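Novice: One structure, as structure tokens, below. Some questions next.
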């Protein structure tokens, strides 16, 4: 069997065009390609050109790869019928795409005549910094003008955020927030039949169905491009139909057959989504040509007969036959069109291969974590009049009610969130139990009554959907503030932060962003309650995400100031923030002994903020205790014991920010200290920040003796045994004393 299947497939199209005879009944450009069809002859010919462009781009990508001049060979060959979807959707319909979307993007690209869709795609394949979307950071399908947010999802992890965008389009209109999109815009999301089995896809589809069942319009079109293969693993026949065609609250459509049939099925799917504002599942029958990617040897798992049978289903063959037999085009027309397409793509490929690539760290990471302190501070300036704020709060403002009775961290956060929602009408608060109940720890109590169900809503129990909703909301102009009930629960959905939310600005060169402040009830010390699901003390999986801001307040006043800074950074710069709230300190009142009220604080007036890099320092002793959250509370207690029993004076540093770590401020804060002990409440191996801090301070040569103490590598057990694996005040004291003796 000839192993050059690219050449064979190309030759098959040439042979067909040589064999076909012109139709005796030529169609005028505006004539329907079939009686009763809304697809005209001219539109069908344009669509076929888009499909030819997509196919030839795949051919050139492999040619350049063989020469070492391009870097991506996952092709769209065999999936070109998705150009029908790209044609029928509008440029104002946000679309989240599968990686085999060449036909779709060629069709969509017609809607932006200012750009050369072919050259742009070849620039992306060649990883050139001239690529207008990712600027060489990855091969992506994307366009700001065409509302295609770029992504690199290979396992349908983009489905939840697509659902979130569809939900948020309607919610934004209800909230009076401008999205820049028409009221009847819909969202499209494409994926493969193998990816349809992935938890991310099933989560997103379930969320859409659940949302509709709860009475929310959800204009999303799911497009499953079913080629029957997941690399080498076949999808059982009728699996997609059996799995999705009978689900309630999901309209199901199949698109297969000749071009007019596919056109009509896609038309039904798009119109139903738009008119009924309902989730629609479109099974688009496709075929995969040439293997999964250029490196994939199909003969290792498919017979020659199976490969040939697939090639016989090539949509370009079927569509050419339809165009000629209907009279929409002659074989000569198609041969000339194909020749022109080959020449156009070849020239674009040669041009793209000469263009520059990213070369420096600075250029590569520039859009990853944008920072403009002046812009953030300006965004954080109070915009609500004093009178409106007093009307909202009544006779006593939060900063006034604090004077006679200082308040806890949880109380301050509740007030801080309300103030932020008053400032910004685009803020949307959501999560499990945040509405009527007010959150597990009652931090959101009263928000739904104050702002209504349009802005404060309960979701179903699924963290992936919550973070997907956050991404979609941020994309369409809302400012989402989701809640994750416990730190352990975010691990179920961390790829929504790692692979999706935090990468969007990077892969779009800052053209798209999904700002959000994710509030997470975090850390341990719940006096044995709940076991490891409710006492998770590992943030390593979050610190590993490039560009993600991690805030960890310990005091109520700091929490409000930090929240303001985080919201401003999300709004002004599109930043993704995780706000780690220490559960054990939500309602903590005391510091050293029962009844001392040492952990109650006053509410900071509007305008007071804290930004990444700004830390807290108390005392000026020669021994620095560096910590955060619960560790800061424990360090203050340990410092008092050390002073009273050992005469050791300490300097207490509250990091506040765990990503990026505030190294410059920390270096300044410990200047003159003889010893530095990093008190890390998280697990020792990769769970917290101790190793990173000690390593950086060593590199900087501070001159101080450096040490760290952290929790052992263990899950947190239930009951009193929890204390054995959690860092205690006594452990901090003992380590300082032991070091002093040494």
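The values are calculated or read from the model by the stated rules, or taken from the named source; none is laboratory data. Predicted model, so just to flag it, every value in this text is computed and none were measured. Glycine gets a Cβ as well: all are built from the backbone with ideal geometry, and neighbour counts include every protein chain shown.
Novice: I need the helices (runs of 4 or more DSSP H) fully contained in segment 1-107, keeping only those with at least 2 residues that are free of Cβ contacts under 8 Å to residues at least 40 places away in the same chain, in the same structural domain as residue 289 (by TED's automatic domain parsing) and in contact with a helix residue (DSSP H, G or I) (Cβ under 7 Å, 6 or more places away or on another chain).
Specialist: It comes to 82-88.
Novice: Let me ask something else. Just need a number here: residues in segment 274-296 that are out of contact with any helix residue (DSSP H, G or I) (no Cβ under 9 Å at 6 or more places or on another chain) and at pLDDT 95 or above.
Specialist: Number satisfying all stated conditions: 3.
Novice: Give just the number: which of (1) closer than 20 Å to residue 226 by Cα; (2) modelled with pLDDT under 95 does residue 299 not satisfy?
Specialist: (1)
Novice: Kindly indicate which of 338, 290, 263 is buried (at least 20 other Cβ atoms within 10 Å of the Cβ), more than 29 Å from the chain's Cα centre (by Cα) and on the phi > 0 side of the Ramachandran plot.
Specialist: None of the others qualify; the one that does is 290.
Novice: Are any of the residues in segment 528-546 in a helix (DSSP H, G or I), assigned by TED's automatic domain parsing to the domain that holds residue 432, farther than 27 Å from residue 153 by Cα and in contact with a strand residue (DSSP E or B) (Cβ under 6 Å, 6 or more places away or on another chain)?
Specialist: Scanning segment 528-546, I find no residue that is in a helix (DSSP H, G or I), assigned by TED's automatic domain parsing to the domain that holds residue 432, farther than 27 Å from residue 153 by Cα and in contact with a strand residue (DSSP E or B) (Cβ under 6 Å, 6 or more places away or on another chain), so the answer is no.
Novice: Here's a follow-up. Failed condition for residue 124, given (1) outside any loop (DSSP other than H, G, I, E, B); (2) within 16 Å of residue 476 (Cα to Cα), with all others met?
Specialist: Result: residue 124 passes all but (2).
Novice: Need the failing condition index for residue 130 against (1) under 24 Å from the mean Cα position of the chain (by Cα); (2) under 22 Å from residue 58 (Cα atoms); (3) touching a residue at least 12 places away in the same chain (Cβ under 8 Å), just the number.
Specialist: All conditions pass for residue 130, except number (1).
Novice: Also, quick follow-up: Go through (1) touching a helix residue (DSSP H, G or I) at 6+ places or on another chain (Cβ under 8 Å); (2) assigned by TED's automatic domain parsing to the domain that holds residue 510; (3) buried (at least 23 other Cβ atoms within 10 Å of the Cβ) one by one and return the number of the condition residue 574 breaks.
Specialist: The single condition residue 574 does not satisfy is (3).
Novice: Shifting gears a bit: Any idea how many residues of segment 211-234 are over 21 Å from the mean Cα position of the chain (by Cα) and over 18 Å from residue 84 (Cα atoms)?
Specialist: Residues flagged as over 21 Å from the mean Cα position of the chain (by Cα) and over 18 Å from residue 84 (Cα atoms) within segment 211-234 amount to 13.
Novice: Closer than 19 Å to residue 510 by Cβ, over 14 Å from the mean Cα position of the chain (by Cα) and at pLDDT 95 or above: which single residue out of 100, 110, 137, 117 fits that description?
Specialist: 137
Novice: On the basis of being surrounded by 14 or more Cβ atoms within 10 Å (Cβ to Cβ), assigned by TED's automatic domain parsing to the domain that holds residue 450 and in a helix (DSSP H, G or I), does residue 392 make the cut?
Specialist: Spelling it out, residue 392 is indeed surrounded by 14 or more Cβ atoms within 10 Å (Cβ to Cβ), assigned by TED's automatic domain parsing to the domain that holds residue 450 and in a helix (DSSP H, G or I).
Novice: Cβ-Cβ under 6 Å, sequence separation 6+ or interchain: first residue in segment 336-359 and over 16 Å from residue 117 (Cβ atoms), partner modelled with pLDDT of 95 or more and exposed (fewer than 15 other Cβ atoms within 10 Å of the Cβ). Which pairs?
Specialist: Close Cβ pairs (under 6 Å, with a partner that is modelled with pLDDT of 95 or more and exposed (fewer than 15 other Cβ atoms within 10 Å of the Cβ)) do not exist here.
Novice: Which pairs do you get when a residue that is outside the structural domain of residue 496 (by TED's automatic domain parsing) and closer than 30 Å to residue 136 by Cα, found in segment 151-178, comes within reach of a residue that is surrounded by 24 or more Cβ atoms within 10 Å (Cβ to Cβ) and modelled with pLDDT under 95, reach meaning Cβ atoms under 7 angstrom, with the pair 6+ apart or on two chains?
Specialist: Close Cβ pairs satisfying both conditions: 158/151.
Novice: Of all the residues that make up segment 179-220, how many are farther than 25 Å from residue 286 by Cβ, part of a loop (DSSP other than H, G, I, E, B) and touching a residue at least 60 places away in the same chain (Cβ under 8 Å)?
Specialist: Residues meeting the conditions: 8.
Novice: So, one more: Residue check: is residue 134 assigned to a loop (DSSP other than H, G, I, E, B), touching a helix residue (DSSP H, G or I) at 6+ places or on another chain (Cβ under 9 Å) and farther than 24 Å from residue 44 by Cα?
Specialist: It is true that residue 134 is assigned to a loop (DSSP other than H, G, I, E, B), touching a helix residue (DSSP H, G or I) at 6+ places or on another chain (Cβ under 9 Å) and farther than 24 Å from residue 44 by Cα.
Novice: Please count how many residues of segment 638-647 are buried (at least 20 other Cβ atoms within 10 Å of the Cβ) and in contact with a helix residue (DSSP H, G or I) (Cβ under 7 Å, 6 or more places away or on another chain).
Specialist: The number of residues fulfilling the criteria is 2.
Novice: Counting only residues that are more than 30 Å from residue 5 (Cβ to Cβ) and touching a residue at least 40 places away in the same chain (Cβ under 8 Å), which one in segment 248-260 is surrounded by the most Cβ atoms within 10 Å (Cβ to Cβ)?
Specialist: Only one residue fits best here, namely 250.
Novice: Does any residue of segment 510-521 turn out to be part of a helix (DSSP H, G or I) and not assigned by TED's automatic domain parsing to the domain that holds residue 144?
Specialist: Among the residues of segment 510-521, not one is part of a helix (DSSP H, G or I) and not assigned by TED's automatic domain parsing to the domain that holds residue 144, which makes the answer no.
Novice: Looking only at residues in segment 662-694 that are over 16 Å from residue 625 (Cα atoms) and free of Cβ contacts under 8 Å to residues at least 40 places away in the same chain, which one is surrounded by the fewest Cβ atoms within 10 Å (Cβ to Cβ)?
Specialist: Checked segment 662-694; the qualifying residue surrounded by the fewest Cβ atoms within 10 Å (Cβ to Cβ) is 685.
Novice: Check 624, 618 and return the single one that is without any contact (Cβ under 8 Å) to a residue 40 or more places away in the chain and touching a strand residue (DSSP E or B) at 6+ places or on another chain (Cβ under 6 Å).
Specialist: 618
Novice: Kindly list, by first and then second residue, each pair from a residue in segment 315-328 that is at negative phi and in contact (Cβ under 8 Å) with a residue 12 or more places away in the chain to a residue that is surrounded by 23 or more Cβ atoms within 10 Å (Cβ to Cβ) and outside any helix (DSSP H, G or I), limited to pairs with Cβ atoms under 6 Å and residues at least 6 apart or on different chains.
Specialist: 315/80; 315/81; 323/329; 326/33; 328/33
Rundown of residues vs (1) buried (at least 24 other Cβ atoms within 10 Å of the Cβ); (2) within 30 Å of residue 38 (Cα to Cα); (3) modelled with pLDDT under 95, yes/no style:
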site: 57; (1), (2), (3): yes, yes, no
site: 63; (1), (2), (3): no, no, no
site: 66; (1), (2), (3): no, no, yes
site: 76; (1), (2), (3): yes, yes, no
site: 80; (1), (2), (3): yes, yes, no
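Novice: Is there a residue in segment 721-730 that is within 20 Å of residue 583 (Cα to Cα), surrounded by fewer than 20 Cβ atoms within 10 Å (Cβ to Cβ), under 31 Å from the mean Cα position of the chain (by Cα) and modelled with pLDDT under 95?
Specialist: Within segment 721-730, none of the residues are within 20 Å of residue 583 (Cα to Cα), surrounded by fewer than 20 Cβ atoms within 10 Å (Cβ to Cβ), under 31 Å from the mean Cα position of the chain (by Cα) and modelled with pLDDT under 95.
Novice: When residues of segment 421-437 are filtered for being part of a helix (DSSP H, G or I), touching a strand residue (DSSP E or B) at 6+ places or on another chain (Cβ under 7 Å) and surrounded by fewer than 22 Cβ atoms within 10 Å (Cβ to Cβ), how many remain?
Specialist: Qualifying residue count for the region: 0.
Novice: Are any residues in segment 364-387 part of a helix (DSSP H, G or I), exposed (fewer than 15 other Cβ atoms within 10 Å of the Cβ) and modelled with pLDDT of 95 or more, and if so, which ones?
Specialist: 365, 373, 374, 378
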